[in-house]
Amino acid sequence: MVKTENIEKAYETAKARYAELGVDTDKALAQLKNIKLSIHCWQGDDIHGFLNPNQELTGGIGVSGDYPGIARTPDELTADLHEGLSLIPGKHKVQLHTLYAVTDKKKDFNEIGPEDFKYWVDWAKEEQIGLDMNPTFFSHPKVKHNFTLASPEKEIRDYWIQVGKKSREISNYFGQELGQKSINNFWIPDGFKDNPIDKQTPRLRLLESLDEIFAKKYDENNTIEAVEGKLFGTGIESYTVGSHLFYNNYAISRGKLWTIDAGHWHPTEDVSDKFSAFMPFGKGLMLHVSRPVRWDSDHVVILDDALSRITRTLVRDNELSKTNIGLDFFDATIDRVAAWVIGARATQKALLQAMLAPIAALKKAELNYDFTTRLAVTEELKSYPFGAVWDEFCLQNGTPVGTDWLENIHQYEKDVLFKRN
């Protein structure tokens, strides 16, 4: 157990060290507290949901592992989320999908509406958190030959258009009830395994479908849509209808958010470099922070170089106000609740580390071609006592410091998770 007096003493030392560089650690802590992460519910149940929990995962999605304690019911999933959120400093949001509706009778995806998410809204009010939405375009028989909104069959397109429209009603409901803007993220799995003859027509069909879904106007204080592209996926290795460039153009031309998933790009690409290229033209970003060990493998987020580049760019370019940060990973080889905590705390650490820098002074040096100072200071910052500031943040927010949170996880496993199996 970490002693409070040791944390406070270490923080005062770190505060003085950073002050020598002109960095206000108290200001950084206050800034970090205002950043809400969007925690993805599907880490807790391996993306089964409650509408068709035995349906095979489709859309190129797969989960590895069989660690005991998977959530099987709404009450189990919300209990796990409550435990995870209690170990993450600050107040955040939770991302849902259509397939997490809680209904009293069997419904198809295109029949799911706001009334089927009252359970979640009531729970969110108790937790004092917000909710984000994702229409589910996978794990359903009407994903025909890997096509949904871009399908050549009107009947298939109409079905998924209705799913998209319903999700907007649900997202608007979240915003109205919870008083926090709900981001409604659209991703579809459409594409071809082998080389297509016609690459344009499917994209024209997707364009038309999206325009029909978004035709109705909603108050953007309640909800706004984000569109998410992909490089390729399992079963659509040769052609992805919803490519990055397609959605980049759609977001700009239609006033939507552009979603950048860290795992949806080529492994050698730096996704953070996309932010400043898009922001001068676009409305804003939705991020899905993931760790693509092998392209879109959705490993639990850790404090690695890729995450640090993402957060440094957001902080240094002052893009946080136009960026929504969500998590997107699923790993069933480890404790599912712990995965939430590890990923969220790593993201917060990366944000804090980015804030603990003399950014204005470094920008001035760069403007004056003083690249020596820029390199020297950024290198020295890597060994500054950032960890002591993070510990203080945990302490201020009433969450365990260091690895103390693992004791909570082990007790929760003993009392709850291991009893489910």
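The values are calculated or read from the model by the stated rules, or taken from the named source; none is laboratory data. Fair warning: this is a prediction, and the values are worked out from it, not measured in the lab. Quick reminder, even Gly has a Cβ in these numbers, built from the backbone with ideal geometry, and neighbours come from all protein chains shown.
Filtered by the rule that a residue be more than 15 Å from Asn324 (Cα to Cα) and in contact (Cβ under 8 Å) with a residue 60 or more places away in the chain, the stretch 243-278 gives a lone residue, Gly263.
Taken together, Val293, Val289, Val271 contain a single residue that is within 23 Å of Pro189 (Cα to Cα), surrounded by fewer than 18 Cβ atoms within 10 Å (Cβ to Cβ) and among the aliphatic types (A, V, I, L, M), which is Val293. Taking the condition in contact with a Lys or Arg (Cβ under 6 Å, 6 or more places away or on another chain) and either free of Cβ contacts under 8 Å to residues at least 24 places away in the same chain or farther than 23 Å from Leu131 by Cα (or both), does Trp390 pass? Judged against the criteria, Trp390 is a match. Determine if the stretch 275-289 includes at least one residue that is in contact with a His (Cβ under 9 Å, 6 or more places away or on another chain), of a type in the set (A, V, I, L, M, F, W, C) and under 17 Å from Gly343 (Cα atoms). Checked against the condition, which is being in contact with a His (Cβ under 9 Å, 6 or more places away or on another chain), of a type in the set (A, V, I, L, M, F, W, C) and under 17 Å from Gly343 (Cα atoms), the stretch 275-289 yields no hits at all.
Let's see how each residue does on (1) touching a residue at least 12 places away in the same chain (Cβ under 8 Å); (2) of a type outside the set (Gly, Ala, Ser):
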residue	(1), (2)
Ser139	yes, no
Val143	yes, yes
Phe147	yes, yes
Glu155	no, yes
Arg168	yes, yes
Phe174	yes, yes
Gln180	yes, yes
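Considering the stretch 18-35, and only residues there that are surrounded by fewer than 17 Cβ atoms within 10 Å (Cβ to Cβ) and part of a loop (DSSP other than H, G, I, E, B), the residue that is farthest from the chain's Cα centre (by Cα) turns out to be Glu20.
Selection of first residues in the stretch 189-216 that are part of a loop (DSSP other than H, G, I, E, B) and of a type in the set (Phe, Trp, Tyr) and of second residues that are at pLDDT 95 or above and crowded, with 19+ Cβ neighbours inside 10 Å, restricted to Cβ pairs under 6 Å at least 6 apart or on distinct chains, gives an empty result.
Candidates Lys349, Lys364: the one that is surrounded by 13 or more Cβ atoms within 10 Å (Cβ to Cβ), within 17 Å of the chain's Cα centre (by Cα) and part of a helix (DSSP H, G or I) is Lys349. Among the residues making up the stretch 229-242, those that are outside any strand (DSSP E or B) and either without any contact (Cβ under 8 Å) to a residue 24 or more places away in the chain or polar (S, T, N, Q) (or both) are Thr234, Ser238.
Checking the stretch 75-83 against the condition returns no match, with no residue being surrounded by fewer than 16 Cβ atoms within 10 Å (Cβ to Cβ), over 26 Å from Gln411 (Cβ atoms) and out of contact with any strand residue (DSSP E or B) (no Cβ under 7 Å at 6 or more places or on another chain). Could you grab me the full set of residues in the stretch 211-260 that are over 21 Å from Phe278 (Cα atoms), among the hydrophobic types (A, V, I, L, M, F, W, C) and surrounded by fewer than 14 Cβ atoms within 10 Å (Cβ to Cβ)? The answer is Ala215, and nothing else.
Of all residues in the stretch 369-385, none are without any contact (Cβ under 8 Å) to a residue 60 or more places away in the chain and within 20 Å of the chain's Cα centre (by Cα).
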